[in-house]
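Engineer: Questions regarding the structure given below will be posed in turn.
Derivation of every value follows stated rules applied to the coordinates shown; laboratory data play no part. These numbers were taken from a predicted model, which means no experiment stands behind them. As a convention, Cβ positions derive from the backbone with ideal geometry for all residues, glycine included, and neighbour counts pool all protein chains shown.
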Amino acid sequence: MNISAKMKVSISKSATSPSCKPLAVSISKTTMKQISLIIFLFTLKLTYAQNYKTSKLTGVYSFGTSAEKGPVGQVIVYPESDTTILFYFESCIGPDSYSMGEIYGRVQLNSDTGTYTNYNGLTCKSFFEFKADKLILKADFEKIDCGFGHKVYLNGQFKRTTKKVTDKFTDLDGREINFLVTKPDDYYKK
């Protein structure tokens with residue numbers, strides 16, 4: 001959006017005089033609200049996700065190259081606090097069934113490890129461990145009802161492909177979900 005094209009600035013006649021008098025500039029209330037909102041959103045974007053101890057873990061972790069060749073998956077990690085992360089997991093096992101699964105959740109961390117237990121009323125449990133640029137997920141195979149397709153588990157080794165803070169994801173239904181706006185509990189109420 002070109003902000004300068006949207007602003008209306010009126011300058012009084014005294015502003016055009018060659019003297020060194022201060023310019024009289026008035027900006028409409030609407031324009032001031034727009035400027036304030038832009039500054040607020042920019043500040044929020046810069047500070048919200050960057051100041052947590054868990055920020056060092058942010059990014060996209062993935063495995064596989066193509067669902068046509070075999071299993072693929074990704075985990076997007078977003079810092080929620082000094083001790084918690086939000087994550088979005090999706091995976092497809094590839095040929096022959098192309099079974100898929102996705103989950104959006106929260107993990108409480110202690111020294112870069114934590115346990116996820118599903119909020120969706122199912123008995124889904126997985127252990128998270130971050131090592132260098134890897135995320136290792138270990139499914140608790142006694143509690144693996146995550147609502148995924150056949151042979152899809154919250155399990156495996158994922159390599160970090162980017163360290164960039166990603167504040168949103170697109171789920172398998174095509175909905176764009178913002179980590180700041182929709183928390184896991186709210187996501188499953190829809």
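Engineer: For the stretch 112-117, take each phi angle, set θ = phi - 60°, evaluate the Karplus expression 6.51 cos²θ - 1.76 cosθ + 1.60, and give the result in whole Hz per residue in order, putting x for glycine and proline.
Structural biologist: Each residue's phi maps through the Karplus curve to give 6, 10, x, 10, 9, 10 Hz.
Engineer: Distance between Cα centroids, the stretch 109-132 to the stretch 133-190: provide it in whole Å.
Structural biologist: Value for the Cα centre distance between the two parts: 11 Å.
Engineer: Relative contact order of the stretch 79-184, please, whole-number percent, based on alpha carbon pairs below 8 angstrom and at least 6 residues apart.
Structural biologist: 21 percent
Engineer: One quarter of the convex hull surface, Cα atoms only: what value does that give for the stretch 80-158 in nm²?
Structural biologist: 5.3 nm²
Engineer: If I stretch the segment between Leu180 and Lys33 completely, what's the gain in nm (0.36 nm per residue apart, minus their alpha carbon distance), one decimal?
Structural biologist: 50.7 nm
Engineer: Ok, one more. Residue by residue through the stretch 67-79, which ³J(HN,Hα) values in whole Hz follow from phi under the Karplus form 6.51 cos²θ - 1.76 cosθ + 1.60 (θ = phi - 60°), with glycine and proline marked x?
Structural biologist: Those phi angles translate into 5, 6, 9, x, x, 9, x, 8, 10, 9, 10, 10, x Hz.
Engineer: Tell me, what HN-Hα J-couplings in whole Hz come from the Karplus equation 6.51 cos²θ - 1.76 cosθ + 1.60 at θ = phi - 60° for each residue of the stretch 91-99, using x for Gly and Pro?
Structural biologist: Those phi angles translate into 8, 9, 7, x, x, 9, 9, 6, 4 Hz.
Engineer: Only loop residues by DSSP count here, and only those with at most 12 other Cβ atoms within 10 Å; note down the trypsin sites (Lys or Arg not before Pro) in the stretch 48-106 that meet that.
Structural biologist: Qualifying residues, ordered by number: Lys69.
Engineer: Still on this structure, please answer the following. Which order do peptides 90-103, 133-146 fall in by mean Cβ count within 10 Å, highest first?
Structural biologist: Final packing ranking: 90-103, 133-146.
Engineer: Just add up the charged neighbours of Tyr61: K/R +1, D/E -1, any other residue whose Cβ is under 9 Å from the Cβ of Tyr61.
Structural biologist: Once positives and negatives cancel, what remains is +2.
Engineer: Starting from one equal scatterer on each C-alpha and no solvent at all, send me the Debye-based log10 I(q)/I(0) for the stretch 53-187 at q = 0.13 Å⁻¹, two decimals.
Structural biologist: -0.50
Engineer: Which length gain, in nm to one decimal place, applies between Thr162 and His150 when the Cα-Cα distance is subtracted from 0.36 nm times their residue separation?
Structural biologist: This chain segment gains 1.4 nm when fully extended.
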